[in-house]
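Colleague: Next up is a structure, given as structure tokens.
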Amino acid sequence: MTAATSLREELNGAEKGGPEHDAQVFGEVTDLFLSNFDRLSESQIAAVDAVLAQLIARVAAASLIELSEELATIEQAPRQTVRNLAFHDDVQVAGPILRHSVCLSDQDLLEIARSRSQQHLLAISDRKALNEALTDALMRFGDVNVSNALARNAGARFSECGYATLVGRAERDEALAEKLGLRLDIPGNLLRELIGKVADVVRARFLTASRPVARKKAPGAAATAAPPATSRKAIDYTKAYNEVVALNRAGKLNDSTVNRFAVRGEYDLVVAALALKADVKVEAIEPFLEPERVYGLIVACKAARLSWSTTTMIVRMRPDCPPATDRELEQCVAIYESLLLSVAQWTIRFGSDRILGKKSEPVAAVAVAGRK
């Protein structure tokens, strides 16, 4: 029996019988579609759609959840069926479609954002890509959990107004503030505002934390996150540190000297100089040369009283790092100009304690294990 013949036979009985018959037809039509969706014509898919879309209101949620999970990743999924599942009151039914289906229109998603539960909005917030109109609507109708979900979604795009709304909410929500501070696309002026609004500890956490790496793209395209950088080869900074200490005693460890280190690619000397001038250990400065911690590098340079010109040179010449994007440099300027010297010095010490503390955790764990 061909798929088309079998399909017609199932559809002919779709409107007969009670709940048991509905469930049987629903299961058979669902199985038939899922087994043949890549071979069905548009008219056959439309016929399936006509049956399933009607049965959704008469079938148990458990069966609908399974169907939703299956259809969520199928581009040829029957459109009205997908839409009915997305609008279902039970978020377990609607969730997979809201998170993953490409068959929903933006208008569908906007309507759901305006009319359904916070759990539905949370599911939409997890979609791989969200445009500005959708994020504006989600923030308008969503609660704090929706705002946090949007802030951690790298595929969510925000209007200027949307970003300003998030920054305003972040003043009362530390978790949201940290997520916003680590986004690749936050405009420099709003990052500056965020830095000024949040508590010292919250600011220090996101400025010295690891964040995604921006990768340059063609003009007009958005920056994306680059793969994690490979681990650096261990460096002995003893000689470099002794050299910068000697320069410092002679009054020669100034801005232009550190600038020259960066131009020459002598980053063992850059790290040693930053550590000495910011009064932290070399082991705490070294991680800030990694692409993922450029914010921490800016703070270290400010804490070391380096000029923006020298700071820029250090950022641009970092070994084994992708070129900084225009947006990343805009963010770096915002950080540098927003921080008072005393705040930068406190922040880098806070970050230093966190970095060195994490490095010591495996050692401590081994020591505890050895005593058992």
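Colleague: Identify the single condition in (1) in contact with a Pro (Cβ under 9 Å, 6 or more places away or on another chain); (2) within 25 Å of ALA246 (Cα to Cα); (3) surrounded by fewer than 19 Cβ atoms within 10 Å (Cβ to Cβ) that ARG318 does not satisfy, given that it satisfies every other one.
Modeller: (3)
Colleague: To continue, here is another question. Exactly one of these conditions fails for THR310: (1) open to solvent by less than 10 Å² (accessible area, probe 1.4 Å); (2) in contact (Cβ under 8 Å) with a residue 24 or more places away in the chain; (3) within 16 Å of GLU328 (Cβ to Cβ). Give me its number.
Modeller: Of the numbered conditions (1) open to solvent by less than 10 Å² (accessible area, probe 1.4 Å); (2) in contact (Cβ under 8 Å) with a residue 24 or more places away in the chain; (3) within 16 Å of GLU328 (Cβ to Cβ), the odd one out for THR310 is (3).
Colleague: While we're on this one: Taking the condition of being assigned to a helix (DSSP H, G or I), within 12 Å of LEU130 (Cα to Cα) and under 21 Å from the mean Cα position of the chain (by Cα), how many residues in the stretch 94-108 meet it?
Modeller: The qualifying residues number 3.
Colleague: Something else about it: Which of the residues belonging to the stretch 35-51 are free of Cβ contacts under 8 Å to residues at least 40 places away in the same chain and within 18 Å of LEU64 (Cβ to Cβ)?
Modeller: Here is the first cut: in the stretch 35-51, the residues free of Cβ contacts under 8 Å to residues at least 40 places away in the same chain are 35-36, 38-43, 45-46, 49-50.
Of everything in the stretch 35-51, those that are free of Cβ contacts under 8 Å to residues at least 40 places away in the same chain and within 18 Å of LEU64 (Cβ to Cβ) turn out to be ASP49, ALA50.
Colleague: Suppose we filter ASP353, ASP326 for residues that are open to solvent by 80 Å² or more (accessible area, probe 1.4 Å), within 22 Å of the chain's Cα centre (by Cα) and modelled with pLDDT of 80 or more; which single one remains?
Modeller: The unique qualifying residue is ASP326.
Colleague: Could you please let me know if SER117 is within 20 Å of the chain's Cα centre (by Cα) and not hydrophobic (A, V, I, L, M, F, W, C)? Break it down into steps so the answer makes sense when it comes.
Modeller: Values: within 20 Å of the chain's Cα centre (by Cα): no; not hydrophobic (A, V, I, L, M, F, W, C): yes.
So SER117 fails the test.
Colleague: Only residues that are open to solvent by less than 10 Å² (accessible area, probe 1.4 Å) and at pLDDT below 95: list them for the stretch 150-162, please. Break it down stepwise before answering.
Modeller: Step one: filter the stretch 150-162 for residues open to solvent by less than 10 Å² (accessible area, probe 1.4 Å), giving 150-151, 156, 162.
Within the stretch 150-162, just GLY162 meets the criteria.
Colleague: Name the residue, out of ALA273, ALA284, ALA278, that is open to solvent by less than 10 Å² (accessible area, probe 1.4 Å), over 17 Å from LEU356 (Cβ atoms) and either under 30 Å from the mean Cα position of the chain (by Cα) or small (Gly, Ala, Ser) (or both). Give the steps one after another, and end with the answer.
Modeller: Working: ALA284 fails: over 17 Å from LEU356 (Cβ atoms); ALA278 fails: over 17 Å from LEU356 (Cβ atoms).
Of ALA273, ALA284, ALA278, the one residue that is open to solvent by less than 10 Å² (accessible area, probe 1.4 Å), over 17 Å from LEU356 (Cβ atoms) and either under 30 Å from the mean Cα position of the chain (by Cα) or small (Gly, Ala, Ser) (or both) is ALA273.
Colleague: Turning to a different aspect of this structure: Sort out which residues of the stretch 149-162 are farther than 23 Å from GLY296 by Cβ and in a helix (DSSP H, G or I), and write them in order of number.
Modeller: Keep residues of the stretch 149-162 that are farther than 23 Å from GLY296 by Cβ, which gives 149-150, 153, 155-162.
Listed by number, the residues that qualify are ALA149, LEU150, GLU160, CYS161, GLY162.
Colleague: Still on this structure: Return yes when VAL299 is surrounded by fewer than 19 Cβ atoms within 10 Å (Cβ to Cβ), under 30 Å from GLY155 (Cα atoms) and at pLDDT 95 or above and no when it is not.
Modeller: no
Colleague: Quick one: how many residues across the stretch 53-72 are within 20 Å of ARG99 (Cβ to Cβ) and in a helix (DSSP H, G or I)?
Modeller: 12
Colleague: I'd like the full set of residues that are outside any helix (DSSP H, G or I) and surrounded by fewer than 16 Cβ atoms within 10 Å (Cβ to Cβ), limited to the stretch 329-350.
Modeller: Once the filter is applied, which keeps residues that are outside any helix (DSSP H, G or I) and surrounded by fewer than 16 Cβ atoms within 10 Å (Cβ to Cβ), the stretch 329-350 yields only LEU340.
Colleague: So which residues in the stretch 263-298 are farther than 23 Å from SER342 by Cβ and of a type in the set (Ser, Thr, Tyr), if there are any at all?
Modeller: Matches in the stretch 263-298: TYR267 only.
Colleague: What are the residues in the stretch 60-105 that are closer than 24 Å to ASP38 by Cβ, surrounded by fewer than 20 Cβ atoms within 10 Å (Cβ to Cβ) and not acidic (Asp, Glu), if any?
Modeller: Of everything in the stretch 60-105, those that are closer than 24 Å to ASP38 by Cβ, surrounded by fewer than 20 Cβ atoms within 10 Å (Cβ to Cβ) and not acidic (Asp, Glu) turn out to be SER63, ILE65, THR73, ILE74, GLN76, ARG79, GLN80, ARG99, HIS100, VAL102, SER105.
The values are calculated or read from the model by the stated rules, or taken from the named source; none is laboratory data. Given the structure is predicted, the values throughout are model-derived calculations rather than measurements. Cβ sites come from the backbone with ideal geometry, for glycine too, and all protein chains shown count toward neighbours. Please note that ligands, DNA and RNA were not included when accessible areas were found on the heavy atoms of the full protein model with its side chains. Shrake-Rupley method; radii C 1.70, N 1.55, O 1.52, S 1.80 Å.
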